[in-house]
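The values are calculated or read from the model by the stated rules, or taken from the named source; none is laboratory data. Since we're looking at a predicted model, the values are computed, not measured. Every residue, glycine among them, receives a Cβ derived from its backbone with ideal geometry; neighbour counts consider all protein chains shown. Surface areas here come from the heavy atoms of the whole protein model, side chains and all, with no ligands, DNA or RNA. Shrake-Rupley method; radii C 1.70, N 1.55, O 1.52, S 1.80 Å.
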Amino acid sequence: MNRSVYLNGEFVPEADARVSVFDRAFLMGDGVYEVTSVLDARLVDFDGHLARLQRSCEALSLVNPYDRERWLAIHREAVARNGLTDGMVYLQITRGSSGDRDFLWPDPSQCPPTVVLFTQSKPGLAESPAGRAGIKVISLDDLRWGRRDIKSVQLLYACWAKTLARQAGCADAWLVEDGLVTEGASSNTYLVKDRRIITRQLSRAILHGITRSAVLRLAREAALEVEQRGFSIAEAQAADEAFITSASMFVTPVIEIDGVHVGTGHPGPVVARLREIYIEEMRKAAI
Ligand code: PDD
């Protein structure tokens, strides 16, 4: 692959996109990120992702170096330069490098952020086999830190959980705290019971998914009831249907949890319909 990657103000070949070993994201996980999906070479819910980026930056006193127009121009240029049709744009802002290792946050005026943005090509993203056939998940204790609403690059436990899931023949892990599911390792989680959608309420315990927000709006518009509260693994296993949402998986059915079939063990009608509506609406509104 020879992508054109954005780094601190310019596009460079990926082999030349180099960052200091003292960069605080490399040493401390001190940075935030966003993943925006691309359909038909257009950005899905760009403004939602940008708003969350701003919130993540503010929560960590990180400087967001660009305004909306600049970010949009960089996203579009990355898509165009890399001939991206379907896939994702990944962006990361780190607290930069002060030239040494130090726990203390440096003065931002002395230490500009590092900005990286690159594309990932996923041809046929909206027609993925997982989206049609559904995925299996395992449950794990949620051992992450207490500010999961900040989209930080500190993803050690998410990677660990995903790897344990893969080793168990599953595609994701549902994380459990105090008996209730928080979210997936890289997704928000839902069950459907009697045509009512149940998903955990927003708090610091979960990432405020951009896909989640759009899906709940579309579900209400489709006359489905939405209840925001925690649920257990047992309740999800006994549901009619279950699903996850994320920018890269859209709405994806969950057909098995810890080896137990959800509903019939096949994707159900409510989730299939929500997926269809979501992709249709997002394609239309993409910029
Ligand atoms: N992850 N919860 C977690 C822990 C996540 O990492 C993600 C997304 C979500 C869903 O958020 P959204 O709908 O805004 O993508 C929820 C992205 C896709 C990733 O890390 O690749």
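Looking across segment 65-77, the residues that are open to solvent by 20 Å² or more (accessible area, probe 1.4 Å), in contact (Cβ under 8 Å) with a residue 24 or more places away in the chain and not in a loop (DSSP other than H, G, I, E, B) come down to ARG76, GLU77.
With respect to ARG147, determine if the residue is under 19 Å from the mean Cα position of the chain (by Cα), open to solvent by 40 Å² or more (accessible area, probe 1.4 Å) and either within 13 Å of the ligand (Cβ to nearest atom) or farther than 26 Å from PHE46 by Cα (or both). The answer is yes for ARG147.
Going by what's in this entry, would ALA51 be described as within 16 Å of the ligand (Cβ to nearest atom), among the small types (Gly, Ala, Ser), free of Cβ contacts under 8 Å to residues at least 24 places away in the same chain and under 25 Å from SER186 (Cα atoms)?
Working: within 16 Å of the ligand (Cβ to nearest atom): yes; among the small types (Gly, Ala, Ser): yes; free of Cβ contacts under 8 Å to residues at least 24 places away in the same chain: yes; under 25 Å from SER186 (Cα atoms): yes.
It is true that ALA51 is within 16 Å of the ligand (Cβ to nearest atom), among the small types (Gly, Ala, Ser), free of Cβ contacts under 8 Å to residues at least 24 places away in the same chain and under 25 Å from SER186 (Cα atoms).
Candidates are the residues of segment 158-194 that are within 18 Å of ALA234 (Cβ to Cβ) and surrounded by fewer than 20 Cβ atoms within 10 Å (Cβ to Cβ); the one that is farthest from the ligand (Cβ to nearest atom) is ASP194.
Among the residues of segment 83-142, none is identified as of a type in the set (Phe, Trp, Tyr), open to solvent by less than 80 Å² (accessible area, probe 1.4 Å) and not in a strand (DSSP E or B). Could you please let me know if LEU62 is within 16 Å of the ligand (Cβ to nearest atom) and either buried (at least 19 other Cβ atoms within 10 Å of the Cβ) or not in a loop (DSSP other than H, G, I, E, B) (or both)? Taking the combined requirement at face value, the residue does not satisfy it. Does any residue of segment 264-280 turn out to be of a type in the set (A, V, I, L, M, F, W, C), in contact (Cβ under 8 Å) with a residue 40 or more places away in the chain, in contact with a His (Cβ under 6 Å, 6 or more places away or on another chain) and within 16 Å of the ligand (Cβ to nearest atom)? The answer is no, given that none of the residues of segment 264-280 is of a type in the set (A, V, I, L, M, F, W, C), in contact (Cβ under 8 Å) with a residue 40 or more places away in the chain, in contact with a His (Cβ under 6 Å, 6 or more places away or on another chain) and within 16 Å of the ligand (Cβ to nearest atom). If you go through segment 255-274 and pick out every residue that is in contact with a helix residue (DSSP H, G or I) (Cβ under 8 Å, 6 or more places away or on another chain) and either in the same structural domain as VAL38 (by TED's automatic domain parsing) or open to solvent by less than 20 Å² (accessible area, probe 1.4 Å) (or both), you end up with 3. Considering ILE244, ILE210, ILE197, the condition of being within 16 Å of the ligand (Cβ to nearest atom), farther than 22 Å from LYS136 by Cβ, buried (at least 21 other Cβ atoms within 10 Å of the Cβ) and touching a residue at least 60 places away in the same chain (Cβ under 8 Å) is satisfied by ILE210 alone. Taken over segment 213-225, the criterion of being under 17 Å from MET249 (Cβ atoms) and in contact (Cβ under 8 Å) with a residue 40 or more places away in the chain is satisfied by SER213, ALA214, VAL215, LEU218, ALA219.
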